[in-house]
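Below is one structure, written out as structure tokens; the observations come after it.
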Amino acid sequence: MKNKGCMSAGVILIVLIVIVAIIGFWGVEKYNSLVTKDQNVQSKWSNIETVYQKRANLIPNLERTVKSYSKFEQETLTKVVEARSKATSVTIDPTNMTEADIAKFQAAQGELSGALSRLMAVVESYPNLKADQQYINFQAEYTAIENSIRMETVNYNDAAKEYNTYRNQFPTNVVANFTNFKEKPYFKADAGASKAPDVFKGE
């Protein structure tokens, strides 16, 4: 009887070990998948930051070009430079970002977009500046970058949606909550964001 009892206890222990091992392997698989999808979201966010930085990098050349036309409205150019400074000062930690973080980032970038749009509208009144090769080069680069921004924000949102869907499904959400994998916020579309800026309007 004693041996039978020991055997039963041994079988129960083996079964428990097998169950724990199965749960452990399952949890590791879910965790690794969360890590992979989280890294993909971070990569897409990095692409967004890169294209916005490329846009910011255009401003110094634009500033030098516009300044060469002494009669140009200085206030309009100053607002672009100030908006660029504000936009480049907003940084986000992609490992722990919130809706408020993205809203702040978008607001700063939107301010720069507005300032640039106003400047380009004013340039329409300056035929010589409008025909300047440096300004024409800026227009072409700016349009290409704006298109890239739209593409990268869509790519980011797609990656965030894939991650959030997977993260919130049961039983993955159990592992996600236990290991502190939070939902990712989405990049909100601005009004008119589906259309690239028409910087050549009026030509």
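The values are calculated or read from the model by the stated rules, or taken from the named source; none is laboratory data. Predicted model, so just to flag it, every value in this text is computed and none were measured. In this analysis, Cβ positions are derived from the backbone assuming ideal geometry, glycine residues included, and neighbour counts consider all displayed protein chains. When the accessible area is computed, the model is the full protein with side chains, heavy atoms only, and any ligands, DNA or RNA have been set aside. Shrake-Rupley method; radii C 1.70, N 1.55, O 1.52, S 1.80 Å.
Mind checking whether some residue in the stretch 119-127 is at pLDDT 95 or above, open to solvent by 60 Å² or more (accessible area, probe 1.4 Å) and within 22 Å of E63 (Cα to Cα)? No: the stretch 119-127 contains no residue that is at pLDDT 95 or above, open to solvent by 60 Å² or more (accessible area, probe 1.4 Å) and within 22 Å of E63 (Cα to Cα).
The conditions are (1) under 28 Å from the mean Cα position of the chain (by Cα); (2) among the hydrophobic types (A, V, I, L, M, F, W, C); (3) more than 30 Å from E183 (Cβ to Cβ); (4) open to solvent by 50 Å² or more (accessible area, probe 1.4 Å), and A131 fails exactly one of them. Which is it? Failing condition for A131: (1). Restricting attention to the stretch 160-181, the residues being open to solvent by less than 60 Å² (accessible area, probe 1.4 Å), part of a helix (DSSP H, G or I) and in contact (Cβ under 8 Å) with a residue 60 or more places away in the chain number 7. Annotation note: of A121, A140, A115, A144, the sole residue that is touching a helix residue (DSSP H, G or I) at 6+ places or on another chain (Cβ under 7 Å) and part of a helix (DSSP H, G or I) is A115. List pairs: first in the stretch 119-135 and under 18 Å from K79 (Cα atoms), second of a type in the set (K, R), Cβ under 9 Å, 6+ apart or cross-chain? Final answer for the pair search is L119/K79; M120/K201; A121/K201; V123/K130; E124/K130; E124/K201. Might you check whether a residue that is among the hydrophobic types (A, V, I, L, M, F, W, C) and open to solvent by 50 Å² or more (accessible area, probe 1.4 Å) occurs anywhere in the stretch 86-97? Within the stretch 86-97, not a single residue is among the hydrophobic types (A, V, I, L, M, F, W, C) and open to solvent by 50 Å² or more (accessible area, probe 1.4 Å).
Would you call N47 modelled with pLDDT of 95 or more and either part of a helix (DSSP H, G or I) or of a type in the set (S, T, Y) (or both)? First the steps, then the outcome.
Numbers: modelled with pLDDT of 95 or more: yes; either part of a helix (DSSP H, G or I) or of a type in the set (S, T, Y) (or both): yes.
Yes, satisfied.
One residue stands out in the stretch 51-80 among those that are free of Cβ contacts under 8 Å to residues at least 12 places away in the same chain and more than 16 Å from V123 (Cα to Cα): the one that is most open to solvent (accessible area, probe 1.4 Å), namely N57. All conditions but one from (1) open to solvent by 60 Å² or more (accessible area, probe 1.4 Å); (2) within 22 Å of P185 (Cα to Cα); (3) touching a residue at least 60 places away in the same chain (Cβ under 8 Å) apply to A103; the one that does not is (1).
Of the residues A140, A108, A115, A83, only one is over 30 Å from V28 (Cα atoms), among the hydrophobic types (A, V, I, L, M, F, W, C) and open to solvent by 50 Å² or more (accessible area, probe 1.4 Å); which? Reasoning before the result, please.
Values: A108 fails: open to solvent by 50 Å² or more (accessible area, probe 1.4 Å); A115 fails: open to solvent by 50 Å² or more (accessible area, probe 1.4 Å); A83 fails: open to solvent by 50 Å² or more (accessible area, probe 1.4 Å).
So the residue among A140, A108, A115, A83 that is over 30 Å from V28 (Cα atoms), among the hydrophobic types (A, V, I, L, M, F, W, C) and open to solvent by 50 Å² or more (accessible area, probe 1.4 Å) is A140.
Scoring N32 on the criteria (1) modelled with pLDDT of 90 or more; (2) under 21 Å from S148 (Cα atoms) leaves a single failure, condition (2). Against the criterion of being at pLDDT 95 or above and either assigned to a loop (DSSP other than H, G, I, E, B) or surrounded by 15 or more Cβ atoms within 10 Å (Cβ to Cβ) (or both), N157 qualifies. For A193, the test of being open to solvent by less than 90 Å² (accessible area, probe 1.4 Å) and modelled with pLDDT of 95 or more is failed.
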